[in-house]
Amino acid sequence: LKSIGRYSNDTPFLWPVYGCGELPQAFCRLSAVFGGVYILNRHARALLLNSDKNRCTGVVCSGGGQVKCQWLVLGTASCPQSWTVPDSSQNVARGILVTDRSLQKGDDNQLLLLTIPPSDELGLQHVVHLIELPSPSNACPNGCYVVHLTTVSKNGAPAQECLSGLVTKLFSNSSAENEDDERPSILWSFYFNHLSSTLEPAVDGNRLENVIVAPGPDANIGLEASVKRAEAIFESICPGEEFLPPAPEPEDIIYESSNPGTEVDTPDTATSEEACSEGTASDISADAACAEDQTESEAVSKPTDENEPEEVSPANDDSTLDTEQGGEDQEVRSS
């Protein structure tokens, strides 16, 4: 109800221009403005684990580099098959069509949403959700329409087999013009299946405490469940913080120092340096004292090799969990 009249008086349903891919794109841009860092053209090849194998300490990228982390949020496509909880998978059947006309009569520039109940006549064992996008949505060229079909596949049947009865009923596969056939003609089609599964990150029976798996898309067409899941993940990582607060105006943004570790001279230090610069040639002892103080200050601000933290090689203390998908079992390499 909160969406009624937000952009139009016709419908409370909202659809992002250019498609749902604009939602993560907008989030990434907002995150980058506030300091988010992105590593492009890389994927997680393996995870670095602590000696107890109950926490992830970093990620090995496909390019060979390592990124340390306190928390790790993964998509299902980046997880090993061994993390899948038995009997938790739902096979989702999807169909994408490009047609030459709209299913609705009259105003054909409106978003169309249909829910088709199970039907023995059409061979539908589950509800099918249909969304038709016109060209003003910027999802297709002028004069074309994009149709999304989503349902649950029973026993893992191919998506085209699950949806063929409904597609034949609503659309025409004939490329020749037929004035008597008012059904939209299919210009292009694509069918696929994907699994919506529950995953539990664990290694050798130990659950990884700081690894969270974000579930992938399911058979629902709304985003409410995804938003609630994202909020739960955010609360577990940043407890007590506000989830997705409104973006501030540019003039209200306060930028912190880009190098928070940089030391700022205190008034006492500045006075000392002033005294050194104002000293005369005859005041050798004062100059020497100032130079000695400055040398000691530099020694404190720049740690010696003995004070530098030792970089532990993953081969020494950390274990690595291979995340590459393959026919063989996932390999856990540990020292």
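Observations on the model:
- Only Cα pairs under 8 Å and 6+ residues apart enter the sum, and on that basis the relative contact order of the range 136-223 stands at 23 percent.
- Fraction of accessible area attributable to carbon and sulfur, the range 1-71 (%, probe 1.4 Å): 56
- Sum of side-chain charges, VAL152 neighbourhood, beta-carbon under 12 Å (Lys, Arg +1; Asp, Glu -1): +1
- Compactness relative to 2.2 N^0.38 Å, alpha carbon Rg of the range 1-147: 1.48
- Short-range pairs are left out: with C-alpha atoms under 8 Å and at least six residues apart, the relative contact order of the range 1-117 is 10 percent.
- Over the C-alpha trace of the range 119-213, radius of gyration and Dmax come out as 19.2, 65 angstrom.
The values are calculated or read from the model by the stated rules, or taken from the named source; none is laboratory data. All values reported here derive from a predicted model rather than from experimental measurement. Don't worry about glycine lacking a Cβ; one is built from the backbone with ideal geometry, like all the others, and counts go over all protein chains shown. Ligands, DNA and RNA are stripped out before the accessible areas are found, and what is left, the full protein with its side chains, is counted by its heavy atoms. Shrake-Rupley method; radii C 1.70, N 1.55, O 1.52, S 1.80 Å.
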